[in-house]
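Report on the structure given below.
The values are calculated or read from the model by the stated rules, or taken from the named source; none is laboratory data. Just so it is clear, the model here is predicted, and its values are computed rather than measured. Please note: Cβ atoms are built from the backbone with ideal geometry, for glycine as well, and neighbour counts cover all protein chains shown.
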Amino acid sequence: MSEHNTLCMGCMEPLEEAGVCPYCGYDDNSPSQPSYLMPKTVLDGRYIVGRLLSANGESALYIGYDKTTDQKVTVREYMPDALCSRTREAPDIKVNQGAVVQYKNYMSEFVELNRNLMRLRSATSHIVAPLDMFSQNNTAYVIMQYADAITLRQYLADNAGELTWDQVRKLFPPLLTTLSCIHNAGILHRGISLDNILVTERGELLLTGFSIPEIRTVNTDLAPELYTGYSAPEQYASSEWIGTWTDVYAVAAVMYRLLTGCMPTEPMARVGSDDLLEPAKINPNVPANVSNVIMQAMRLKCDLRIQTVTEFVTKLFEQPSYMQKLPNGATQTIPIQVPKHQDRAVRRKRKKRTAIIANVFMVILGIALVAAVVAGFAMLARMLLPDSSLPYTTGTTQQTNNFVQPAQTTVTDTVTEPPITDASVSVSQTTTVQQGNMFVMPNFVGQRYDSVSSSDTWKERLTFEVTYDYSDEYDAGIIFEQDIEEGTTLYPVQNVRISVSKGLTTVEIPDFFDEYGQRMTAEQYAAILDSLNIKYEYRKVETPYEASGYVMGVFCPETGGEVGGRINVSEGNTLYVDVSEFMASIGPVG
């Protein structure tokens with residue numbers, strides 16, 4: 001069983017022969033992405049890596065197999081693809097030039113997060129916990145238990161896209177208790193959604209998908225992984241505080257989706273005009289107090305929101321209903337509780353009747369508008385044309401017609417059709433605008449353009465017209481100007497012109513000695529100059545004591561700068577780089 005040639009790399013089930021797996025359909029000859037580990041790679045002499053399951057800007061997740069215990073596992077590899085790369089020739093990760101510090105810092109966070117989760121393994125059974133950790137291939141690996149479960153998204157689809165409150169109140173208490181324990185340990189999830197909650201065969205919920213903070217907020221070196229409808233508003237603004245209330249928002253949003261069958265409106269679209277309906281208004285079967293608590297947990301402002309999971313659970317399960325709070329003599333409208341199938345039928349009939357009424361109204365309104373336009377143009381034509389009592393003349397042929405029929409024909413042909421066309425365009429444009437939710441223009445200044453442009457959040461709302469220029473304040477790749485002001489309310493898809501920095505206008509001339517005090521080669525130094533957009537030229541210097549190809553000195557004639565001095569990149573200042581050329585000494589002359 002431990003021999004990986006007998007395992008399917010798609011599901012890790014044993015195979016009698018290589019080829020297409022009869023269990024999952026994985027083809028052993030399927031091509032794999034070169035940026036990620038090749039199937040059948042063995043890590044730490046123990047773990048067999050299978051196919052790639054998923055990847056975000058922080059890490060990659062593979063199915064795996066533990067040869068020691070003969071069990072399936074999942075393998076998470078620290079792989080921030082914005083900072084590093086891999087070639088098919090070797091499993092080692094190569095860090096991008098200038099990104100070593102960020103790469104190491106984020107890897108430390110990745111290791112520390114999973115180390116803390118590993119400590120919680122014995123305290124709770126409702127997370128997919130790490131089993132092992134180690135370093136290899138210039139990165140870190142986390143081995144996690146394999147959960148034979150489906151996502152809550154799939155579970156919801158298998159249950160007609162909606163759950164009752166009785167189902168939710170039985171499913172969630174253990175998960176909420178686990179989340180409270182995680183918060184007490186100083187860990188925030190920041191990515192709770194239908195995709196990061198698993199449902200086991202026993203009907204238990206497991207929390208998975210933990211990641212470092214930088215992948216769950218904007219304005220970092222990593223492309224953000226935010227979940228539409230579930231990520232809290234503070235995750236879209238790097239200036240806002242993130243805390244336990246962030247996960248409270250996400251849990252409440254998940255419950256909102258389960259109880260109503262509707263995706264919660266994205267918080268950015270709620271700013272300025274919050275039209276999020278209470279769950280009880282969408283589904284009358286949702287208890288009033290539950291609906292109210294969910295809305296409290298989904299408030300846009302952090303300080304007005306339910307702050308902790310404990311507070312959320314207390315209010316959700318122990319708060320009395322509205323009827324118990326009503327003063328004597330007060331009345332309360334209570335929706336009629338009907339069986340589920342009847343309730344859905346009633347709602348379908350109401351929607352159908354509403355749609356028919358709306359269509360009839362639109363048709364009548366359209367006819368009225370066309371008639372008004374025709375009448376208006378007809379009156380205008382009568383005012384401008386000759387008196388109708390005079391004979392109508394066209395060319396050399398004269399006709400007498402008391403009703404001026406040719407003139408009416410002209411008005412009908414030339415006036416009626418254009419208003420219909422204009423009206424069609426107007427209706428079409430209005431419909432297009434209403435197809436998307438309004439959103440508030442964020443402030444992109446100071447954020448990395450590649451992170452913003454690759455974010456699914458903004459791909460669906462904005463198109464970017466980019467201009468690259470040097471900046472006195474912002475490093476290369478950072479947005480430093482936008483033509484739409486922050487806070488402007490917009491409909492998708494809106495074009496925004498932004499300016500992205502090519503780099504600083506003036507930069508410091510870097511040292512040509514490395515951290516160990518060794519001279520750099522011309523190629524090593526050139527890579528640094530290229531990253532700073534410094535224009536340079538080589539000058540050969542004959543040396544009897546230094547091997548060829550090493551930097552001996554630098555000088556900028558325009559500024560007089562040497563190492564530590566300044567050079568104006570935007571003006572094309574040239575840095576002359578003296579490179580050694582070994583010349584054996586022939587001794588003194590004479």
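Of the residues contained in segment 23-35, one or more are found to be among the small types (Gly, Ala, Ser), within 30 Å of GLN524 (Cα to Cα), in contact with a strand residue (DSSP E or B) (Cβ under 7 Å, 6 or more places away or on another chain) and touching a residue at least 12 places away in the same chain (Cβ under 8 Å). In summary, LEU15 fulfils each of the numbered conditions (1) free of Cβ contacts under 8 Å to residues at least 12 places away in the same chain; (2) on the phi > 0 side of the Ramachandran plot; (3) surrounded by 16 or more Cβ atoms within 10 Å (Cβ to Cβ) with the single exception of condition (2). Checked against the criteria, TYR103 does not count as within 14 Å of MET144 (Cα to Cα), in the same structural domain as THR6 (by TED's automatic domain parsing) and touching a strand residue (DSSP E or B) at 6+ places or on another chain (Cβ under 8 Å).
Among the conditions (1) closer than 24 Å to ILE306 by Cβ; (2) touching a residue at least 40 places away in the same chain (Cβ under 8 Å), the only one that ILE143 does not satisfy is (1). Residues that are surrounded by 20 or more Cβ atoms within 10 Å (Cβ to Cβ) and either among the hydrophobic types (A, V, I, L, M, F, W, C) or within 20 Å of TYR227 (Cβ to Cβ) (or both) within segment 277-298 comprise PRO279, ALA280, VAL286, VAL290, VAL293, ILE294, ALA297, MET298, listed in sequence order. Being surrounded by fewer than 17 Cβ atoms within 10 Å (Cβ to Cβ), of a type in the set (Gly, Ala, Ser) and assigned to a loop (DSSP other than H, G, I, E, B) is the filter here, so list the residues in segment 448-485 that pass it. The one that is surrounded by fewer than 17 Cβ atoms within 10 Å (Cβ to Cβ), of a type in the set (Gly, Ala, Ser) and assigned to a loop (DSSP other than H, G, I, E, B): GLY477.
Against the list (1) over 25 Å from the mean Cα position of the chain (by Cα); (2) farther than 17 Å from THR208 by Cβ, the condition GLU112 fails is (1). The C-beta contact set for segment 261-278 (first residue in the same structural domain as MET298 (by TED's automatic domain parsing) and touching a residue at least 12 places away in the same chain (Cβ under 8 Å), second residue of a type in the set (Ser, Thr, Tyr) and not in a helix (DSSP H, G or I), distance under 8 angstrom, 6+ apart or interchain) comprises MET263/THR228; PRO264/TYR230; GLU266/THR228; PRO267/SER231; GLY272/THR489; SER273/THR489; LEU276/THR265.
Within segment 287-316, residues that are over 20 Å from ARG257 (Cα atoms) have Cβ atoms under 6 Å from residues that are part of a helix (DSSP H, G or I) and small (Gly, Ala, Ser) in these pairs: THR310/SER180, counting only partners at least 6 apart in sequence or on another chain.
Scanning segment 48-82 for residues that are in a loop (DSSP other than H, G, I, E, B) and under 24 Å from the mean Cα position of the chain (by Cα) yields ASN56, GLY57, GLU58, MET79, PRO80, ASP81, ALA82. Of all residues in segment 35-47, exactly one satisfies the criterion of being more than 18 Å from ILE93 (Cα to Cα) and not in a loop (DSSP other than H, G, I, E, B), namely TYR47. Of the residues that make up segment 48-62, is at least one touching a residue at least 60 places away in the same chain (Cβ under 8 Å) and of a type in the set (S, T, N, Q)? The answer is yes, given that some residue of segment 48-62 is touching a residue at least 60 places away in the same chain (Cβ under 8 Å) and of a type in the set (S, T, N, Q). Of all the residues in segment 224-241, those that are surrounded by fewer than 22 Cβ atoms within 10 Å (Cβ to Cβ) and within 17 Å of GLU109 (Cα to Cα) number 1. Looking only at segment 13-34, residues that are more than 31 Å from the chain's Cα centre (by Cα) and not in a strand (DSSP E or B) come to 11 in all.
Close contacts from segment 520-547, counting a first residue that is farther than 22 Å from GLU558 by Cβ and a second that is in a loop (DSSP other than H, G, I, E, B), with Cβ to Cβ under 6 Å and a gap of 6+ residues or different chains, come to MET520/PHE512; MET520/ASP514; THR521/GLY549; ALA527/GLN97; GLU542/MET583; PRO544/MET583; PRO544/SER585.
The residue of segment 493-552 that is nearest to VAL563 (Cα to Cα), among those that are basic (Lys, Arg) and touching an Asp or Glu at 6+ places or on another chain (Cβ under 7 Å), is ARG539. The set of residues in segment 271-282 being at pLDDT 90 or above and either acidic (Asp, Glu) or in contact with a Leu (Cβ under 7 Å, 6 or more places away or on another chain) (or both) consists of GLU278, PRO279.
Once segment 62-96 is narrowed to residues that are touching a strand residue (DSSP E or B) at 6+ places or on another chain (Cβ under 6 Å) and hydrophobic (A, V, I, L, M, F, W, C), the residue that is surrounded by the most Cβ atoms within 10 Å (Cβ to Cβ) is VAL75.
Among the residues of segment 242-251, none qualifies, meaning not one is assigned by TED's automatic domain parsing to the domain that holds VAL168 and farther than 28 Å from ASN219 by Cβ. Taken as a whole, segment 232-240 holds at least one residue that is closer than 26 Å to ALA149 by Cβ, in a loop (DSSP other than H, G, I, E, B) and outside the structural domain of ILE478 (by TED's automatic domain parsing). Summed over segment 126-150, residues that are within 21 Å of GLY203 (Cα to Cα) and in contact with a Ser or Thr (Cβ under 8 Å, 6 or more places away or on another chain) total 9. Kindly evaluate ALA90 against the criterion of being more than 29 Å from PRO174 (Cβ to Cβ), of a type in the set (A, V, I, L, M) and at pLDDT 95 or above. No: the conditions fail for ALA90.
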